[in-house]
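Written out below as structure tokens is the structure these notes cover.
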Amino acid sequence: MLAGVKPSCFFMENKEMHTIKHQKARSLYPTFERKAPGAEVSHYCPGCGHGTVHNLIAEAIDDLGIQDRVVFCSPVGCSVFAYYYFDVGNIQCAHGRAPAVASAIRRTHDDAIVISYQGDGDLAGIGMSQIVHAANRGENITVFFINNAIYGMTGGQMAPTTILNQKTVTTPSGRHAANEGFPIGISEIINSLHAPVFVERVSLATAPKVMKARMAIRKALRNQVDKKGFSLVEILSPCPVNWKMTAVESRRWLEENLEPVFPVGNLRDLAKGPFDRVDRKKAGRVSDRKILEILGVDEKEVHTSSIHLKEEQNVKIAGFGGQGVLSTGILLANCAIAEGLQTTWLPSYGAEMRGGTANASVNISHEAIGSPIVSFPNVLMAMNLPSLDAFEDTVRPGGCILVNSSMVPRQVRRTDVAAYHIPATDMANNIGSPQIANVILLTVYALVSGAITLETLQKVIPLSIKRKNLVNINMKAIEAGIAWLEENRK
Ligand SMILES: Cc1ncc(C[n+]2csc(CCOP(=O)(O)OP(=O)(O)O)c2C)c(N)n1
Ligand code: SF4
């Protein structure tokens, strides 16, 4: 539609005046620039209901004036790319887990308006327990449940909401109750719980029904703005491609076949009361002090360290599986704990069982650490060439790169970082085991950064190593690292 066209009509809803605008909602990006260059149209099939629902949600966000507050949790399914369209905060959640992610965001961000947008495979299949428990807890979130009675993205398999006799790829002769059970009414299940405040099923079969869907979507979002509690709108939506119909046929089929199984209408509207059904003020809170007590941590110990970090250490250790990359990260994190510093360790494995790439992210700080992710390290330990190739450019200027030069046949190209080319695997082989190359690198890191002391490293290694006969050789690796730095320090 054309931008800038004047509003063409007004209507009243809950005493609020709304205008119908013949222009794209502000909460949708003006163009949909997908990964493929030039693909600036929606990825949805013609006649798909997802696009219609996106428009309705975006218009509601605009009219409620909440664009800057919305966090949109998109699912796995055809709407996995919702973040291509909605110009709001976006999080792409693991299959079926959007209600859990939404709950966490809602509880930790008072001002956020959190949307969980889910298909029927996502919500009623793999994520069934997630949605039931989020609803049962009465999370103050808004769930839009797109029921197209089929797994769309994966090519038309049976969903929990597939109706009896409906043919799908996995029920080629139709769904039969004796084989696959009956279609599941999600709205009815949610309506059986105590906590939810608003449950409504709507349909996209005809234009008047789309207008009803529009109202329900607004109501469900407005409930969250007013802190009323959990709202779910189930939207019966066409999937012409997997239903093997034209767009027009699919809307007719929806009305004639889906609606009788899943009757549209409001199942619950308790939002008229002034309060959220769940009184959050009464929620039991565990204090930080209590958590430390449960963990057996002495609070004073956590904040006391003789180390003075010049800056927080964001370390990326990378190599191939078998080089001890992940255990180096654990060793470093354990040393940081022993130094009384805050730390996190996050492993990342390649898909291969053996010989694949692996990396570990370690943060070390005097302060509490917000996220374990290290996207832009100030320290890189590259155990092989692919790791240096992958991460060299991510290191922050002024940072430091330690390279296992036995496995990396090139120099560090960056000139704005300190580079150490240590023939760690050769040195380790000379001592007696290639496995200790990582400790040589770690020793050099300890010395140049001052983030952990050699005494701590020597103390922690015997505690971290399961095979005690390897402790001595690790101590020799530390000595080798010290000797190398003495010889090579400029
Ligand atoms: C853990 C996991 N299991 C299975 C899949 C495969 N998968 C991707 S999308 C999908 C079904 C999505 O269907 P639905 O939620 O109905 O959404 P639609 O595509 O119809 O919008 C499945 C099973 C996956 N990606 N991850
Ligand atoms: S497969 Fe179905 S749900 Fe997915 S985009 Fe196409 S029409 Fe929509």
Report task. Treating each Cα of the range 9-281 as an identical point scatterer and ignoring solvent, apply the Debye formula and state log10 I(q)/I(0) at q = 0.09, 0.10, 0.15 Å⁻¹. Result -> -0.38, -0.47, -1.11
Requested in this report: Among the listed pairs Lys167/Lys212; Lys316/Lys468; Lys167/Lys272; Lys310/Lys466, give every one whose C-alpha distance is greater than 31 Å.
Outcome: Lys167/Lys272; Lys310/Lys466
Query - Rg followed by Dmax, in Å, when the range 375-477 is reduced to its Cα trace - result: 14.1, 41
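Take every Cα-Cα pair in the chain and report what % of them are more than 45 Å apart.
33 percent
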Requested in this report: Please give the net charge around Asp111, taking every other residue with its beta carbon less than 12 angstrom from that of Asp111, where Lys and Arg add +1 and Asp and Glu add -1.
Outcome: +1
Requested in this report: Starting with the fewest neighbours, write out Cys78, Cys93 ranked by other beta-carbon atoms found within 10 Å of each beta-carbon.
Outcome: Cys93, Cys78
Query - If the convex hull is drawn through the Cα atoms of the range 84-140, its volume per residue in Å³ - result: 76 Å³
Query raised in the report: In terms of the Cα gyration tensor, with a ≥ b ≥ c the square roots of its eigenvalues, is the range 43-157 rounded because a/c is under 1.5, prolate because a/b exceeds b/c, or oblate?
Result: oblate
Query - Value of relative contact order over the chain, rounded to a whole percent, pairs C-alpha under 8 Å and six or more apart - result: 9 percent
Query raised in the report: Among 439-446, 393-400, what's the highest-first ranking by average C-beta atoms within 10 angstrom per residue?
Result: 439-446, 393-400
Query raised in the report: Which angle from 0 to 90°, rounded to the nearest 10, does the C-alpha axis of helix 207-225 make with the longest principal axis of the chain?
Result: 50 degrees
Query - Residue-averaged 222 nm ellipticity for the chain, from DSSP H runs of 4+ at -39500 (n - 2.57), nearest 500 - result: -9500 deg cm²/dmol
Query raised in the report: Looking at the P(r) of the range 85-230, how many percent of alpha-carbon pairs lie beyond 19 Å?
Result: 56 percent
Query - Acute angle (nearest 10 degrees) that the helix 454-464 long axis makes with the longest principal axis of the chain, alpha-carbon atoms - result: 60 degrees
Query raised in the report: How are the C-alpha pair distances of the range 435-487 spread across 10 Å bins, as whole percents from the shortest bin up?
Result: 27, 58, 14, 0
Query raised in the report: Hey, fewest Cβ within 10 Å first, where do Ser449, Ser237, Ser27 land in order?
Result: Ser449, Ser27, Ser237
Requested in this report: Place a +1 charge on the Cβ of each Lys and Arg in the chain and a -1 charge on the Cβ of each Asp and Glu, then give the dipole magnitude about the Cα centre in debye, rounded to the nearest 20.
Outcome: 700 debye
Query raised in the report: If you add up the charges near Pro462, with Lys and Arg at +1 and Asp and Glu at -1, over every other residue whose beta carbon is less than 14 angstrom from its beta carbon, what do you get?
Result: +4
Report task. Over all alpha-carbon pairs in the range 293-488, figure out the percentage whose distance exceeds 27 Å. Result -> 23 percent
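Given all pairs of different Cα atoms, what value in angstroms does the Kirkwood hydrodynamic radius of the range 125-180 take?
Working: mean 1/r = 0.0785 Å⁻¹.
When all Cα pairs of the range 125-180 are included, the Kirkwood radius is 12.7 Å.
Any read-out appearing in this document is the output of simple, stated calculations on the displayed coordinates, not a laboratory observation. Values in this document were obtained by computation on a predicted structure and should not be read as measured data. Methodologically, a virtual Cβ is constructed for each residue, glycine included, from the backbone with ideal geometry; neighbour enumeration extends over all protein chains shown.
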